[in-house]
Amino acid sequence: MSDLTQFDQYLKDDGPAALVIREHLTPVEGKDGILFPATFAAGDGFAGGYNIDGDPAGDNICLIDTVGSQANRIEPMFAEADYETLVPQIIVEAGEKQVNLLEAGHRAGDAIVRCSELQQTLQNAFKSVLKGDAVPLAKIAPTSLVFGVWDSRDTQAKLPRLIASTIRAFNVRKLTRSAQYIPAAEYVADKLLEEPADKATRDAYAERGFIHVPATGSHGGVLAHGVVRRDATLGLAALRLLHSGGDVEKTLTLRRYILGLALTAFTRNPTGYLRQGCLLVLDPEKPREFVEVLTTGERKPASVTHAQALSYAREVATAFGVGESRTVKFDGERAKKDVKGEGETKTKGKKGKKHDAGEAK
């Protein structure tokens with residue numbers, strides 16, 4: 001079996017529906033360590049703060065890291081030295097900042113690249129997706145096919161995530177914390193500053209660190225009485241929906257390339273640092289589960305290593321022909337037209353109105 005064909009069983013119509021990884025995690029402080037989940041703004045009846053479903057003091061599930069956040073943590077790996085040749089490196093210069101497309105929140109549909117000289121190229125690629133040919137998009141933004149993309153501001157082309165990863169904690173107890181800021185000197189009492197005459201002045205003193213400032217009852221993390229778990233899937237059934245028009249050979253070459261990228265990202269051990277107060281590592285007492293899930297529901301052990309995936313990815317990337325790396329400039333004039341809905345490449349709806357739907361990642 002050649003390197004190109006070694007994972008073709010995943011690309012066959014009767015192949016597994018998905019690969020699934022389940023990892024049990026624990027705070028670096030130990031199983032009874034406090035971990036800090038993601039916090040969310042209030043809205044739609046949600047009070048804001050931690051996302052905890054169920055009884056706050058009993059059986060519940062706490063969202064530690066979202067599927068979108070996990071994707072954003074994984075995708076930039078393709079800019080690192082060991083992986084950078086697998087995908088085109090598209091850099092957008094925005095003022096003094098350089099932004100790799102791999103870091104853009106909405107990927108190929110992001111404003112940072114949409115308002116550049118690649119605008120027409122990307123629109124044409126999304127139009128090709130709508131016509132059943134994903135090759136043009138794979139030539140410029142292949143990770144958009146791995147982690148999902150929605151061209152919500154223009155063509156409305158949408159591709160699902162092949163890799164979905166989420167971290168949750170079970171049966172948590174929500175904690176609070178308090179703090180007290182003590183200034184280095186008694187600026188007011190020692191007549192170094194005048195007594196604040198009004199609330200605005202007092203607030204200014206507090207903001208600049210000249211008076212005592214208490215902070216009470218703020219988010220203090222959670223204590224997980226149950227497990228902390230990362231569940232990740234690689235949707236092979238979704239990958240098999242990718243086509244290069246009606247060309248069977250080109251379709252196979254495309255699918256192999258995207259599978260190589262997906263397997264490489266899927267099998268790499270993720271970073272344990274999520275945010276301040278949330279550094280998670282594998283639980284040594286609970287082995288990692290890695291299985292193929294068949295369409296029948298049967299589950300079989302999977303054995304693809306990261307080294308195997310990376311070697312395969314390099315072979316299939318060469319066969320596919322990785323797209324050209326480019327550095328382009330963010331175009332302020334394009335952005336102004338984009339804001340006003342005047343861009344020449346805008347795709348119109350049935351009644352001539354330009355689409356401008358929001359996108360959530």
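Structure data summary
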{"read-out": "Test: residue in the stretch 274-281 that is surrounded by fewer than 15 Cβ atoms within 10 Å (Cβ to Cβ), assigned by TED's automatic domain parsing to the domain that holds G323 and either among the β-branched types (V, I, T) or modelled with pLDDT of 95 or more (or both)", "value": "yes"}
{"read-out": "Tally of residues being in a strand (DSSP E or B), in contact with a Lys or Arg (Cβ under 7 Å, 6 or more places away or on another chain) and closer than 15 Å to A335 by Cβ across the stretch 94-149", "value": "1"}
{"read-out": "Within the stretch 157-169, tally of residues that are crowded, with 17+ Cβ neighbours inside 10 Å and charged (D, E, K, R)", "value": "2"}
{"read-out": "Top-ranked residue of the stretch 221-258 - restricted to ones that are farther than 30 Å from A169 by Cα and small (G, A, S), ranked as surrounded by the most Cβ atoms within 10 Å (Cβ to Cβ)", "value": "S244"}
{"read-out": "Check on V172, without any contact (Cβ under 8 Å) to a residue 40 or more places away in the chain, more than 25 Å from I74 (Cα to Cα) and surrounded by 17 or more Cβ atoms within 10 Å (Cβ to Cβ)", "value": "no"}
{"read-out": "Residue list for the stretch 129-138, filter: surrounded by fewer than 20 Cβ atoms within 10 Å (Cβ to Cβ) and either without any contact (Cβ under 8 Å) to a residue 24 or more places away in the chain or within 22 Å of the chain's Cα centre (by Cα) (or both)", "value": "P136"}
{"read-out": "Conditions (1) of a type in the set (A, V, I, L, M); (2) at pLDDT below 95; (3) assigned by TED's automatic domain parsing to the domain that holds A237: number failed by A357", "value": "(3)"}
{"read-out": "Residue check, L193 in contact (Cβ under 8 Å) with a residue 12 or more places away in the chain and in the same structural domain as C278 (by TED's automatic domain parsing)", "value": "no"}
{"read-out": "Hits in the stretch 259-268 - residues which are more than 11 Å from M77 (Cα to Cα) and of a type in the set (S, T, N, Q)", "value": "T267"}
{"read-out": "Filtered residues of the stretch 203-247 (kept if among the charged types (D, E, K, R) and touching a Ser or Thr at 6+ places or on another chain (Cβ under 8 Å))", "value": "R230, D231"}
{"read-out": "Leading residue by the ranking (surrounded by the most Cβ atoms within 10 Å (Cβ to Cβ)) among those in the stretch 67-96 that are over 22 Å from G323 (Cβ atoms) and under 19 Å from the mean Cα position of the chain (by Cα)", "value": "Q70"}
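Residue-wise test of (1) closer than 30 Å to S303 by Cβ; (2) surrounded by fewer than 19 Cβ atoms within 10 Å (Cβ to Cβ); (3) of a type in the set (F, W, Y).
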| residue | (1), (2), (3) |
| --- | --- |
| F36 | no, no, yes |
| A42 | no, yes, no |
| I52 | no, yes, no |
| I61 | no, yes, no |
| I64 | yes, no, no |
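The values are calculated or read from the model by the stated rules, or taken from the named source; none is laboratory data. Just so we're clear, the structure is a prediction, and the values are computed from it rather than from any experiment. For neighbour counting, all protein chains shown are included, and Cβ atoms are generated from backbone atoms with ideal geometry for every residue, glycine included.
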